[in-house]
Amino acid sequence: MILEQQRYVGEILVRRGALAADRMEELLQTAVEKDAALLDVVFATRETEEEKVVRALAAEVGIPFLEEEIKPDDVAPELIDAVPIGFARTHCLVPLVDEGPFVRVAISNPLDPGPLDDLRALLGKRVEPVAAPSEKIEDAINSVYQRKADGEIGQDVAEEVDEIQDLLDATDEAPVIRWVNNLFYNASRAAASDIHIEPGEREVIVRNRIDGKLFPVKTAPKSVHAAIVSRVKIEAGLNIAEKRLPQDGRITKKIQGRLIDVRVSTIPTARGERIVMRLLDKEKTVLNLTDLGFEGARLETLHHLITRPNGILLVTGPTGSGKTTTLSACLRRINSPELNILTAEDPVEYDIPGVGQLQIHPKIGLTFASALRSFLRQDPDVIMVGEIRDHETAEIAIHASLTGHLVLSTLHTNDAAGAVTRLVEMEVQPFLISSSVLGVIAQRLVRKLCNYCRQPYRPSAQDLRSLGIDEERFKMLRGPGVQAFRGEVHDGLAQGGPASEPPVRERQSVEPLGFLTAEELSALEVDEIESEPTRMVAVEDDLDVPRGFPSELSRAVLYRPIGCDECAQTGYKGRVAISEMLIVDEAVRRDILNQADAATIARTAIHGGMRTLRDDGSRLVLSGTTSLEEVLAATQAAELE
């Protein structure tokens with residue numbers, strides 16, 4: 001019976017053009033094997049867009065599709081009071097408007113009439129459904145119930161007095177619980193990495209770290225600060241009575257079906273306890289090395305290093321620079337049934353099938369060093385250590401690499417050459433470093449420019465000098481040719497977007513087609529350009545050449561952030577890594593044995609062909625991936641010397 005229902009759904013999608021017929025049977029078989037709904041399998045495999053599916057199902061049962069956006073302010077408060085948030089989220093529906101004899105309701109599954117029957121009982125009125133994608137409905141649920149929670153916490157909880165018993169009572173009240181839960185939901189939806197709850201003089205300020213930058217997102221009355229802190233502490237298993245000492249804990253949340261591990265840290269300040277919560281998505285996908293910015297010869301070199309039978313590969317950088325992500329991508333690339341791969345992490349950020357991942361617990365004596373010792377008795381081929389923090393861990397890692405194991409780990413240093421001096425500070429002998437370390441990767445994360453609103457401009461000579469770009473380096477970073485753009489010409493530069501996009505985006509988006517040689521340019525006919533305006537409407541040779549530039553540098557075009565709805569007015573969306581890769585060759589090995597300083601080792605590596613962090617950042621600036629300001633902020637000025 002269930003199989004017949006699943007097949008019926010698949011036939012609707014095929015008949016309505018939302019799913020290819022040759023894929024339906026395969027997806028149906030997958031759904032049966034996994035004991036899952038066909039629609040869940042379709043969405044998980046991204047076989048088609050959800051909007052197409054919802055449109056097809058809505059057309060089949062004869063209900064309209066909601067074209068416009070759902071405006072939270074238009075939803076009557078009495079409708080939200082009548083429909084519990086748990087019910088709305090479970091069934092992915094939200095009441096829209098009370099029309100008198102009936103209530104219009106947005107639903108994501110037109111084939112499921114059960115929730116509508118329950119809704120009729122809750123509202124005491126006839127229900128008229130309209131179909132909408134689940135993402136649109138979830139955004140509306142979040143917004144309308146957020147508005148309700150904000151109002152309740154201001155009215156119901158702000159009058160609580162600063163006494164311990166009252167605060168404990170306040171944390172049991174639904175408004176505080178909903179307010180705190182909403183922090184997690186909003187942060188997850190915005191892809192935030194951290195939540196900061198900071199007590200001010202008159203209010204509590206909440207800031208989310210998104211793409212490495214903090215943004216204020218919410219406030220609450222100062223009088224409820226203690227109630228909020230108590231609620232977080234209860235969830236994290238911390239001592240709510242202890243307010244004088246820092247505490248650390250963990251929370252596990254399930255948000256939209258995904259498990260989120262939250263690391264909680266509290267510290268006492270002059271204005272009350274401050275909380276920082278780091279969100280780790282346990283089900284997020286491990287990125288590929290190409291997604292992280294490794295390509296061409298650098299990718300080949302890195303692949304050669306991680307396929308060596310023994311040695312140490314180190315990734316360095318400050319906290320939050322993506323070191324663990326890079327190591328996880330390396331493990332994913334080499335992961336195979338023939339290898340025994342073990343990791344010791346704090347915490348385990350990525351779940352990699354087929355890899356033995358150990359969460360360390362220093363409080364019970366399970367440290368990186370003790371984990372490494374145990375690993376060596378497990379016949380490993382590859383070992384990943386979350387961080388080398390002390391002499392003991394460094395010593396065991398080096399001996400493991402010298403006895404036939406490949407070891408991957410991280411260090412906290414500013415650049416690649418600094419990893420050598422850091423190991424020396426840990427009392428590791430230079431001859432052990434030179435014979436065990438294969439290479440060091442130093443990296444930073446920079447924000448990517450939003451493709452919909454980035455604006456091209458001619459850089460000044462000072463801009464290019466600040467990136468360390470001269471005539472020769474420009475050729476190395478960009479290659480020969482003339483850059484072409486897709487879009488409409490504006491102020492002498494291409495500024496436009498795909499013709500299929502809405503007019504606002506068409507004016508804002510710009511997409512470089514890359515550097516074209518003279519032969520490639522001559523192959524582009526004028527008629528072709530006119531008939532396909534999105535193919536080529538501006539060529540860099542048409543732009544005014546600034547005075548005082550060498551011939552090659554005159555073709556340089558950079559991009560600046562502007563801000564639009566797609567990027568929440570920040571001008572940036574997402575992050576990408578810039579890196580430098582130091583290979584321990586014979587010349588670098590001699591410097592290590594001679595106990596040279598980091599600057600000398602760096603100069604030797606650069607002479608041997610190492611591309612520095614600034615060089616890699618300059619490449620991304622010139623390609624339009626990021627901005628000049630992002631790279632300058634992420635790299636050291638000393639690299640220019």
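The values are calculated or read from the model by the stated rules, or taken from the named source; none is laboratory data. The structure displayed is predicted, hence computed values, not measured ones. Cβ coordinates were reconstructed from backbone atoms using ideal geometry, including for glycine residues, and neighbour counts include every protein chain displayed. We work out accessible area using only protein heavy atoms, side chains counted, and drop any ligands, DNA or RNA first. Shrake-Rupley method; radii C 1.70, N 1.55, O 1.52, S 1.80 Å.
Would you tally the residues in the range 338-354 being out of contact with any Gly (no Cβ under 7 Å at 6 or more places or on another chain) and at pLDDT below 90?
Here the count works out to 8.
Does ILE197 satisfy the condition of being surrounded by fewer than 18 Cβ atoms within 10 Å (Cβ to Cβ) and assigned to a strand (DSSP E or B)? Let's see the steps before the verdict.
Details: surrounded by fewer than 18 Cβ atoms within 10 Å (Cβ to Cβ): no; assigned to a strand (DSSP E or B): yes.
Answer is no for this residue.
Just a yes or no: is a residue in the range 629-640 open to solvent by less than 50 Å² (accessible area, probe 1.4 Å), over 17 Å from LEU464 (Cβ atoms) and not in a helix (DSSP H, G or I)?
no
Which one of the conditions (1) more than 18 Å from the chain's Cα centre (by Cα); (2) assigned to a strand (DSSP E or B) does ILE260 fail to meet, given that it meets all the rest?
So the condition that ILE260 fails would be (1).
Return the residues of the range 187-204 that are under 15 Å from VAL232 (Cβ atoms) and either touching a Pro at 6+ places or on another chain (Cβ under 9 Å) or not acidic (Asp, Glu) (or both); say none if nothing qualifies.
Start the filter on the range 187-204 by keeping residues that are under 15 Å from VAL232 (Cβ atoms), which leaves 187, 194-199, 204.
Matches in the range 187-204: ALA187, ILE195, HIS196, ILE197, PRO199, VAL204.
Out of all the residues in the range 362-383, which are outside any helix (DSSP H, G or I) and surrounded by 20 or more Cβ atoms within 10 Å (Cβ to Cβ)?
Filtering the range 362-383 down to residues outside any helix (DSSP H, G or I) leaves 365-367, 376-383.
Across the range 362-383, the qualifying residues are PRO380, VAL382, ILE383.
Among the numbered criteria (1) modelled with pLDDT of 90 or more; (2) more than 22 Å from the chain's Cα centre (by Cα), which single criterion is violated by ASP615?
(1)
Are there any pairs, at least 6 apart or on different chains, whose C-beta atoms fall under 8 Å, with the first in the range 193-219 and more than 17 Å from LYS573 (Cβ to Cβ) and the second open to solvent by 20 Å² or more (accessible area, probe 1.4 Å) and of a type in the set (Ser, Thr, Tyr), and if so, which?
Here the result reads PRO199/THR269; GLU203/THR219; VAL204/THR219; ILE205/THR219; VAL206/THR219, each pair linking the range 193-219 to a residue that is open to solvent by 20 Å² or more (accessible area, probe 1.4 Å) and of a type in the set (Ser, Thr, Tyr).
Among the residues of the range 263-310 satisfying the criterion of being hydrophobic (A, V, I, L, M, F, W, C), farther than 30 Å from GLY624 by Cα and surrounded by fewer than 19 Cβ atoms within 10 Å (Cβ to Cβ), which is nearest to the chain's Cα centre (by Cα)?
Only one residue fits best here, namely VAL276.
Can you tell which of ALA21, ALA37 is without any contact (Cβ under 8 Å) to a residue 60 or more places away in the chain, open to solvent by 30 Å² or more (accessible area, probe 1.4 Å) and over 16 Å from LEU111 (Cα atoms)?
Details: ALA37 fails: over 16 Å from LEU111 (Cα atoms).
Of the residues listed, the single one that is without any contact (Cβ under 8 Å) to a residue 60 or more places away in the chain, open to solvent by 30 Å² or more (accessible area, probe 1.4 Å) and over 16 Å from LEU111 (Cα atoms) is ALA21.
How many residues does the range 232-249 hold that are out of contact with any helix residue (DSSP H, G or I) (no Cβ under 6 Å at 6 or more places or on another chain) and touching a residue at least 60 places away in the same chain (Cβ under 8 Å)?
Here the count works out to 2.
Inspect all residues belonging to the range 340-358 and state whether any of them is more than 20 Å from the chain's Cα centre (by Cα) and exposed (fewer than 13 other Cβ atoms within 10 Å of the Cβ). It would help to see each step written out before you state the result.
Initially, the range 340-358 is screened for residues more than 20 Å from the chain's Cα centre (by Cα), giving 340-344, 353-358.
With exposed (fewer than 13 other Cβ atoms within 10 Å of the Cβ) added as a condition, the list becomes 353-354.
Checked the range 340-358: at least one residue is more than 20 Å from the chain's Cα centre (by Cα) and exposed (fewer than 13 other Cβ atoms within 10 Å of the Cβ).
Return yes when LEU238 is at negative phi, crowded, with 16+ Cβ neighbours inside 10 Å, at pLDDT 85 or above and in a loop (DSSP other than H, G, I, E, B) and no when it is not.
So LEU238 passes the test.
Please list, ordered by residue number, the helices (runs of 4 or more DSSP H) wholly in the range 1-105 having 1 or more residues that are acidic (Asp, Glu) and under 19 Å from ALA132 (Cβ atoms).
Details: elements: 2-15, 21-33, 38-44, 50-61, 77-82, 85-91.
Passing ranges, in order: 38-44, 50-61.
Among the basic types (Lys, Arg), under 29 Å from the mean Cα position of the chain (by Cα) and open to solvent by 80 Å² or more (accessible area, probe 1.4 Å) - does that describe any residue in the range 41-51? Working first, answer last.
As a first pass, look at the range 41-51 and keep what is among the basic types (Lys, Arg): 46.
Checking the rest, the ones that are also under 29 Å from the mean Cα position of the chain (by Cα) come to 46.
Those left that are additionally open to solvent by 80 Å² or more (accessible area, probe 1.4 Å): 46.
Yes: one or more hits.
Based on what the data block shows, is LEU313 part of a helix (DSSP H, G or I), of a type in the set (A, V, I, L, M) and closer than 24 Å to ILE396 by Cα?
Numbers: part of a helix (DSSP H, G or I): no; of a type in the set (A, V, I, L, M): yes; closer than 24 Å to ILE396 by Cα: yes.
No: the conditions fail for LEU313.
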